[in-house]
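Following: one structure in structure tokens, then a few remarks.
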Amino acid sequence: MESQIVSILVAIGLILFAVFKSVKLIQQILKKSKSESWQVSSAEVLSKQVTKRISTRSGASYYPEIAYRYAVMGQRFEKTIRLAKYFSQQKAQEKVDDIGKTIEVRYNPNQPKEHVSEYDIVNYPDILLIVIMLVLAGIMLYPYLQ
């Protein structure tokens, strides 16, 4: 009986996390889509570096990070973003080295703080993660749905 409850709770947790990831992914896709009609501006790259994260499961991962600033009507906006991870420091450093002194951003003319940089990407591998979580939840709940 306890294992059934645990199984159901884990499946519900997987479903809730999949819904959360789905909402985030949809928001990201919609923002990227809306940004196609926004104003374009040049942003000054303030810093760019490779940061190292160590995980017990996957070991060391390296993330290129960019801090940038852009101005709209005298207001300055700054942001730091982390790009996709690399498992090699050399590959991450190559990505950082390819970034120039400026990058392109698209900002919402009605809310200039809302923007998308040329390095903001839609994380499509999240779709695979969502599908896997829902399949696992379905497998866990299947015996109880009959």
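Test of understanding: among GLU104, GLU114, which residue is in a strand (DSSP E or B) and surrounded by fewer than 15 Cβ atoms within 10 Å (Cβ to Cβ)? Break it down into steps so the answer makes sense when it comes.
Working: GLU114 fails: surrounded by fewer than 15 Cβ atoms within 10 Å (Cβ to Cβ).
None of the others qualify; the one that does is GLU104.
Taking the conditions exactly as written (at pLDDT below 90, farther than 19 Å from GLU44 by Cβ and surrounded by 13 or more Cβ atoms within 10 Å (Cβ to Cβ)), does LEU129 satisfy them or not?
Details: at pLDDT below 90: yes; farther than 19 Å from GLU44 by Cβ: yes; surrounded by 13 or more Cβ atoms within 10 Å (Cβ to Cβ): yes.
Against the criterion (at pLDDT below 90, farther than 19 Å from GLU44 by Cβ and surrounded by 13 or more Cβ atoms within 10 Å (Cβ to Cβ)), LEU129 qualifies.
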Only one of (1) modelled with pLDDT of 85 or more; (2) surrounded by 15 or more Cβ atoms within 10 Å (Cβ to Cβ); (3) in a strand (DSSP E or B) does not apply to SER61, and that is (1)
Can you report the number of residues in the range 73-94 which are part of a strand (DSSP E or B) and crowded, with 17+ Cβ neighbours inside 10 Å? 2
Log entry, pairs with first residue in the range 4-24 being basic (Lys, Arg), second being surrounded by 12 or more Cβ atoms within 10 Å (Cβ to Cβ), beta carbons closer than 7 Å, six or more apart or on different chains, reads LYS21/ASP126; LYS21/LEU129; LYS21/ILE130
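What do you reckon, is ILE103 touching a residue at least 24 places away in the same chain (Cβ under 8 Å) and touching a Leu at 6+ places or on another chain (Cβ under 8 Å)? Show your work before the answer.
Values: touching a residue at least 24 places away in the same chain (Cβ under 8 Å): yes; touching a Leu at 6+ places or on another chain (Cβ under 8 Å): no.
Judged against the criteria, ILE103 is not a match.
Restricting the search to the range 73-106, which residues are among the aromatic types (Phe, Trp, Tyr) and at pLDDT 85 or above? Outline the logic, then answer.
In the first step, residues of the range 73-106 are kept if they are among the aromatic types (Phe, Trp, Tyr); the result is 77, 86-87.
Scanning the range 73-106 gives a single hit, PHE77.
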Those residues of the range 76-96 which are within 15 Å of TYR62 (Cβ to Cβ), touching a residue at least 24 places away in the same chain (Cβ under 8 Å) and charged (D, E, K, R), in sequence order: ARG82, LYS85, LYS91, LYS95
Candidate set from the range 39-53 (those that are hydrophobic (A, V, I, L, M, F, W, C) and touching a Ser or Thr at 6+ places or on another chain (Cβ under 8 Å)); member that is surrounded by the fewest Cβ atoms within 10 Å (Cβ to Cβ): VAL45
Within the range 16-38, tally of residues that are touching a strand residue (DSSP E or B) at 6+ places or on another chain (Cβ under 9 Å), part of a helix (DSSP H, G or I) and surrounded by 13 or more Cβ atoms within 10 Å (Cβ to Cβ): 4
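Does the range 133-146 hold any residues that are surrounded by fewer than 13 Cβ atoms within 10 Å (Cβ to Cβ) and either closer than 29 Å to GLU65 by Cα or in contact (Cβ under 8 Å) with a residue 12 or more places away in the chain (or both), and which are they?
First, pick out the residues of the range 133-146 that are surrounded by fewer than 13 Cβ atoms within 10 Å (Cβ to Cβ): 135, 139, 142-146.
Within the range 133-146, TYR144 is the sole residue that qualifies.
Would a scan of the range 47-54 turn up a residue that is touching an Asp or Glu at 6+ places or on another chain (Cβ under 6 Å) and either outside any strand (DSSP E or B) or not charged (D, E, K, R) (or both)?
yes
Under the condition of being loosely packed, with under 13 Cβ neighbours inside 10 Å and not acidic (Asp, Glu), which residue from the range 1-12 is nearest to MET133 (Cα to Cα)? Don't jump to the end; show me each part of the working.
To start, the set of residues in the range 1-12 that are loosely packed, with under 13 Cβ neighbours inside 10 Å comprises 1-6, 9.
Of the ones still in play, those that are also not acidic (Asp, Glu) are 1, 3-6, 9.
Values: MET1: 23, SER3: 19, GLN4: 18, ILE5: 18, VAL6: 16, LEU9: 13 Å.
The selected residue is LEU9.
Whether any residue in the range 119-139 is in contact with a His (Cβ under 7 Å, 6 or more places away or on another chain) and either hydroxyl-bearing (Ser, Thr, Tyr) or part of a helix (DSSP H, G or I) (or both) is what I want to check.
First, pick out the residues of the range 119-139 that are in contact with a His (Cβ under 7 Å, 6 or more places away or on another chain): none.
The answer is no, given that none of the residues of the range 119-139 is in contact with a His (Cβ under 7 Å, 6 or more places away or on another chain) and either hydroxyl-bearing (Ser, Thr, Tyr) or part of a helix (DSSP H, G or I) (or both).
The values are calculated or read from the model by the stated rules, or taken from the named source; none is laboratory data. All values reported here derive from a predicted model rather than from experimental measurement. Cβ sites come from the backbone with ideal geometry, for glycine too, and all protein chains shown count toward neighbours.
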